[in-house]
Amino acid sequence: MATIETEDLTKFYGAKRGIEDVTLSVEPGEVFGFLGPNGAGKTTTIRTMLDLLHPSRGSARLFGLDSRRESVAIRRRIGNLPGDFGFGKRASGREALSLLARLRGIEGGGRAERLAERFHADLDRPLGELSRGNRQKVGLILALFHNPELLVLDEPTSGLDPLMQEEFLALVGEERERGCTVFVSSHELDEVERVCDRVGIIRDGRLVAVEGVAELLGKAQRRVSVEFAEPVDAAELRSLPGVTELETADGRVVFRASGDLDAIVKALARYRVTDVEIAHPTLEEVFLTYYEERL
Amino acid sequence: MTALIVAQLRDRRRSVLAWGLPLGLMSALVVAIYPSVEEALAEAIRSYPEALKEAFGIGDLSNVEQYLEAEMLSLIVPLAAGYLAVRSVASGLSGAAESGRLDVLLSAPVSRRRVVASGFAATAVELAAVLAVSLALTACGSWLSGAGLSLGAALAGFANVWPLALVFAALGIVVTGASLRTNVVTGSVAGVLVAMYVADLVGRLDPGLDWVRYGSVFRYYGAAVEDGIDPLAFGGVTAVAVGLAALGALAFERHDLTR
């Protein structure tokens, strides 16, 4: 049984579309990345899955339970970090933790202290006095302290400094080892690439693709720049499969490449190469690939 | 649910003092000055038109209890308590939605109905605490000035405000079921509070317009300081408040939580 299963999940805000026909499945123990630009529908999908928004049509099941009718039973088993976490200005992280622990029937704070130490989080200051990053750390602790079976994280690293982002990515890996399923939304390709097993791409409210991370990056267009020590036949390179937008200048050839790079590398190897740069695909380049596939 | 109520009450500690102290001090002052104004007041009241006296519940003002009723418990305390009630439920629900607190709470295994019920219960306790602080200060004022206020009558007067204010808390929940904007909830219910007060006043001033009072909860408020608490009105108004809160909870359950 899938941990998360949505079928034609659709949410309209009046006449405005939030998400439409989102169908996806996340298996137990999987780290699933939900990738899309701001406003694509990531948060709407998460909030609809968690019964904070009611679907206009379609359904979501978590642990096989209906997200609307059995939402309390579902929430017993999940940890959720909402996007732009907040808990009012006056309450401290410890007060929020104490309330959530009581609502979950957990004595003490579970593993909150260990997490606070790890993330250098201040649980005693009022949340209104904390920076966005420090508030986000408290939010992460509240989502994790009770060892949930499913972690739902909406843009979890936003506001975190690079060191804490690393710590977070390591933690997600540990959660996977513990057997936890993780659903993480992001607009950072790097982050998703490093921790996720599979990725769903959403744009304009529609799920464009669901792929393994390796397949996703393999398909994505990359910008390749090659410097040669001798003249090259640009027309030959241009005709190679997956090569587009090829330009030459001062002994350097720059082009976009997608799909299997084997033929391209072999063609380049026939010349004397002095420098090669293959830029990591950006999120937009990944999207471009999938849009071209759909057209 | 107790955990939710306790957490909300902890947040509202300041509010109990912020509202209870000024209301209590004003009431204490009213009671304390009564012995020195008693004579002049009786003379002035005799010159008031009957309709005006009827409208504002001004009797003879021949004792301190009636003076407290006329000066504080017929207008200022019920309006302030009604406003406090709606402000409290609005901050506990729509305010919590705006700040993100509700998202976090509803990540825990607790139903929306319980969140609403705890907000209503916390407001009921908060109101009781504000009225108790006001009563205590009023009693102190009487004791210090030797005004001789009957504690039983004052208790009835302040206690009678509680169900009335709860109705506005419940109306706040009903509006929250339609809008999660704190300003919308507070503003619209405060408008209803004033409109109900005015409707009751107009109905009392003009017997021909008595029917408008049926739409106002103030019709059932009475003058508990003089007449004691009417158990039927007290229980009925409380039941209406609970019923409205339950309706509001159902509406809130169907509402999308947006920020």
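The numbers here are math on the coordinates, done by the rules we state, and not lab data. The model shown is predicted, which means the values in this text are computed figures rather than measured ones. Quick reminder, even Gly has a Cβ in these numbers, built from the backbone with ideal geometry, and neighbours come from all protein chains shown.
Some observations on this one:
- For peptides A:116-124, B:241-249, sequence by mean Cβ density within 10 Å, most packed first: B:241-249, A:116-124
- Alpha carbon convex hull of chain B, volume per residue in cubic angstrom: 116 Å³
- Relative to the dominant Cα principal axis of chain B, helix B:76-92 is inclined by about 10°.
- Peptides B:159-168, A:248-257 ordered by average Cβ neighbours within 10 Å, highest first: B:159-168, A:248-257
- With bins 5 Å wide beginning at 0, the percent of Cα pairs of chain A falling in each bin runs 1, 5, 11, 14, 14, 13, 11, 9, 6, 5, 4, 3, 2, 1, 0.
- Taken as Cα centroids, the range A:29-62 and the range B:80-109 sit 25 Å apart, rounded to the nearest whole angstrom.
- Eligible lysines near A:K16 by straight Cα distance, threshold 19 Å, same-chain separation 8 or greater: A:K42
- For the range B:188-197, 3J(HN,Hα) per residue [Karplus equation, 6.51 cos²θ - 1.76 cosθ + 1.60, θ = phi - 60°, Hz, x = Gly/Pro]: 5, 6, 4, x, 5, 4, 5, 4, 5, 5
- When only Cα pairs below 8 angstrom with a gap of at least 6 residues are kept, chain A shows a relative contact order of 19 percent.
- In this Cβ point-charge picture (+1 for Lys and Arg, -1 for Asp and Glu), the protein assembly as shown has a dipole of about 820 debye about its Cα centre.
- Whole-angstrom gap from the range A:206-275 to the range B:143-193, using each part's C-alpha centre: 73 Å
- Residues whose amide H falls under 5 Å from that of A:R203, counting only those 5 or more places apart or on a different chain, are A:V208, with hydrogens built in the peptide plane.
- Column: log10 I(q)/I(0), Debye, Cα scatterers of the protein assembly as shown, q = 0.13 Å⁻¹: -1.19
- The HN-Hα couplings worked out from phi for the range A:256-270 by the Karplus form 6.51 cos²θ - 1.76 cosθ + 1.60 (θ = phi - 60°) are 9, 10, 9, x, 5, 8, 4, 4, 5, 4, 5, 5, 5, 5, 6 Hz, whole numbers, x standing for Gly and Pro.
- Whole-number percent relative contact order across the range B:2-254, with pairs defined as alpha carbons under 8 Å at least 6 apart: 29 percent
- Among A:L123, A:Q221, A:I106 - extreme Cα towards positive end, dipole of the range A:106-221, charges at beta-carbon: A:Q221
- Value at 222 nm in deg cm²/dmol, rounded to 500, when DSSP H runs of n ≥ 4 in chain B each add -39,500 (n - 2.57): -24500 deg cm²/dmol
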